[in-house]
1. Just B:R252, B:R187, B:R67 to compare: in a GNM of chain B, with alpha carbon springs under 10 Å, which one fluctuates most?
2. Around B:A237, under 10 Å between beta carbons, what's the net of Lys plus Arg minus Asp minus Glu among the other residues?
3. Indicate the gyration tensor shape class of the range B:1-127 (rounded, prolate or oblate), computed on the Cα atoms with a ≥ b ≥ c the square roots of the eigenvalues: a/c under 1.5 is rounded; otherwise a/b larger than b/c is prolate and the rest oblate.
4. Output ³J(HN,Hα) for the range A:449-457: one whole-Hz value per residue in order, computed from phi by the Karplus curve 6.51 cos²θ - 1.76 cosθ + 1.60 with θ = phi - 60°, and x for Gly and Pro.
5. What is the mean number of Cβ atoms from other protein chains located within 10 Å of the Cβ atom of each residue in peptide B:290-298, rounded to a whole number?
6. Among the GluC sites (Glu not before Pro) in the range A:133-210, which ones are in a DSSP loop with at most 14 other Cβ atoms within 10 Å of the Cβ? Mind listing them?
7. Can you give the % of DSSP beta bridges in the range B:11-373 that are antiparallel, to the nearest 5?
8. Count charges around A:Y64 for me, please; just the other residues with Cβ under 10 Å from its Cβ, Lys/Arg as +1, Asp/Glu as -1.
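Coordinate-derived values only; no laboratory data. Predicted model, so just to flag it, every value in this text is computed and none were measured. Cβ placement follows ideal geometry from the backbone for every residue including glycine, while neighbour counts extend to all protein chains displayed.
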Amino acid sequence: MVLRHLRFLKRRTVWLLVTFAVLYVLIAGRLFYIQVLNNERYCELAERLRVRQLEIPASRGSVYDRVGRELATNVPAFAVYVQPKKIKDRERVAPQLASLTGLEESAVVRAINTGGTFAYVGRQLPVGVSDKVQEANLPAVGVLRETKRVYPSRSLCAHVLGFTDIDGRGLEGIERVANKQLAGRNGHIVAEIDSNGRVIPETRRGSVQPVDGNDVVLTIDAYLQHAAEDALAKSFESHSAAGATAVVLDPHTGEILALANCPTFDPNDRRGVQPGAWRNRAVTDLYEPGSTLKLLTVAAGLEEGIPPTEVIATCTNGGIPIGRRRIRCSLHHPYMAGHGGVDMFKIIRHSCNIGAASIALRLGPDKLYAYEKAFGLQDQPGSGMPGEAPVLPLGSPEAWPAIRLANIGFGQGVAVSALQMASAYAVIANGGNLMSPQIIREVRAKDGTVVRSFSPKLVRRVVSEETARKATEMLIGCVNEGTGKTSKIDGYSVAGKTGSAQKASTTGRGYAAGKFVASFMGFVPARNPRLVICVVVDEPKGTHWGATVAAPVYKEIAQKAMWYLKVPPDEPLKEDQTSGSNRMNVRKVNHRIGAGNTG
Amino acid sequence: MKAARKLQPDFWLLVATVVLVVAGVLMVFDASFARAADRGMGDSWYFVKRQIVFALVGFLGLFLAMRVHPLAFRRFTKITVFVSIILLGLVMVPGIGKSIGGAARWIPIGPFHLQPSELAKLAVVMYLADQFAARGTAMRRLGTLLPHLLVVGLVAMLVLAEPDMGTAAVVIFTTGVMMYVAGVRKRQLIAFALLGLLGGAALIVMEPYRLERVLTFLNPSRDYYGSGYQITHALMALATGGLRGLGLCEGREKFYIPAPQTDMIGATLAEEAGFIGMLVLLGLFILFTYRGLCVGHRTKSTYMGLLAIGITSMVSLQALMNIAVFTSSMPATGVPLPFISYGGSCLMVMLVGVGMVLSVSRHLNETVEEPEAEKYESRHHRRRHGRTRISRAQYRPTAKRIRRRASVYR
């Protein structure tokens, strides 16, 4: 019986062996097909999945002020990430990671709950945090190196600098316009990566080194910038204004030495900042210049040969009729009955609307328009900062009715930016040339070699030196005896003009009641100008006069600048009138430059 | 039982085994070295060290089993099956069994994870060899066969419940092979095969992830990031390997395939050794299968024959299944590549099994009486004549039946 069973077994074992042999041959055939005959498709697929170009980020360039103070730079930072798919114990990992990184637990949970293979928990975390996370050695939690853009002076110059996004791409300001220069060129390596995205050792196939970004040197002077921001913020806060701007220019080169805006922000931490605070109001916002524009009208009149001492109009408290309308002056003591007969000096000194309107009417629309244009009010300033407001065209001058012509004469119905006004005043300050405002001084490579340097750019000659000189005298008169007395600086001649313009109504017709733009602009020292300063305060509360709201800002900036720039005083000191601190400053200056005998 | 001269163990079977195990240790090193360190083990040599220990313990088991007479194993058949079933049950007890990746397959004992299903495979082979030999040609009757299939079914169900369809399939295929070799009627074999197919299909349709695997098998790039990931990367490994391979340790896909030192280790081998290397691997398994079946064929005892053939077939089937999976020739299911894949339970049980086959090869000229077989045969007669039975047409010795019976006993 067993023997029979055994025979059975043997016969079937042979067949079993045959079956196995067939199966092995089939499998071998299958292997041959996949590995040798038809391997191209999967080879290509593998290549595509494995071979990667891995970026090596270039270091972003720094931004410096004109004397080399660092305004924007990079510091090493770390990103903490999780691999959600690999996390098994969410309840334990989330609170632990939250306490290590100091982030909110909900943010950690959100990152984990994305469920993918990679999610950032926090970015741009300081070195200390990354060390703690690495020490904890949590599963599926990792740390990546990155760089963080920092602005060491916090909100200083924030509107000019702008900011970058978290990956270092410029979004606003210089960061945006000079992004190409600052960003540099990322390098890369070509290598094979594993399923976690790490390079498999010894699979590097080639690499391109990154080219670091260039440094940008601004025309800004951090000290003047700070002085301007400081002074402006005081007025902005004490008058609960809606906004404020101060521009400081070098009149001879058009370089922007300081540009302050309120409200401001800290580009290091933009959380909770109203987007309005990012706005670089000096270039993005247009306003009606009001009386400050009278200088341009008067300069145009001088250039066209109207004698400066000729009485142009008689100003009474009834105003003068033009067409069916009537224009008036805003009258102050001691001229409550009108300014009387006014020449150009008096127009500027006391800001006489009727006088300015009369000059405009005498020049006619074509000529006035030509001068507005020549002063740069009909062109974008081209400073190199982003977001310059498009020009609001004045329209064809032939079609201007007389009332419009008169209004433009004293600054109504014209929209300008603070930077445009500053440039226009620089024309008078430098003797008649319109200089293109400039914010970037030069671009340097990391090793310090200058890649590109920007020289002052003359746009055009607008008025003659003689005209400029006369207009300057008028502005000095305004400060010494007229509406601009509040800006007087002991020891220096000051040229300036006030402006207190009503704001245009948002409905598009007429003016908004009780809303003003107070401004003051001019240059110091008046007879050898070093700086043009333009201060504009939007919607101050309580008082709206350029003399009370904007002129003190002008004065503070100018005073500090004179001290800082070591400008010798050009007028006798009246010691008894100066305040203690200012006296100290002036004395210091005198002592330093040994210019005591000039006083 | 006749006392006979002991022979030398089968040389080529031992050679094939040793070469495969040594190659396995190298491959485990190769596949795991780069990534073992960051798998929470902190030691690049973690898997290699363990695999070497498993191999040494396994070879110790092999030599012990080789020294022992095959009939000595037979005495432990019932207890082995019993222990296997208990352990398979314990795997499912929370707190004792350990699950990795949703499958409860392991019982942690110190630093070692016991995988009872590996022991169960060997237990089933021992059990079937014992029972089929004992029942002799009576196995050709359904009534004699079925109770044993129920035992195998129980084991298979327990393995399946872990879930571990791959091992369950190995158990069932091996059972099928042993049934065939033991002389079960072809008609019944076909019926069982159909039944098994139906059952398999039902299992696949019941579990969504199994259906997913079948669909992925039909089109590997269907779900690259999900069920197709492993197989796609295995195919890429094969394709990249080409004819000659990238060279040892040069493989790339082991950085993608999860746990490349386990079931998918063949893919790394194929990538680094190429088609030529795979032919060598297949050659080793063919040599192993051929020598194992030869031992079974040459024996003079049905028990020893069935034991040798069962164990050899089990190893060979598992190898074929493993390679079929990573060549996308069958739906993905996790079975280790015998002797090569990392895994202590599997390696040690396999080596002890080989030891048993070698032991059989040392006792080829011994005959073993199967008194039970005679009894079962005669019981058949007794039942026919000793009890009242309703006559049934099918039992009438028709010409066809006489012919077939004659063929059986020829």
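1. So, out of B:R252, B:R187, B:R67, the one fluctuating most is B:R187.
2. -1
3. It is oblate, given that a/c is not under 1.5 and a/b is not larger than b/c.
4. 6, 7, 8, 8, 10, 10, 9, x, 10
5. Average neighbour count from other chains, rounded to a whole number: 3.
6. A:E202
7. In the range B:11-373, approximately 75 percent of DSSP beta bridges are antiparallel ones.
8. 0
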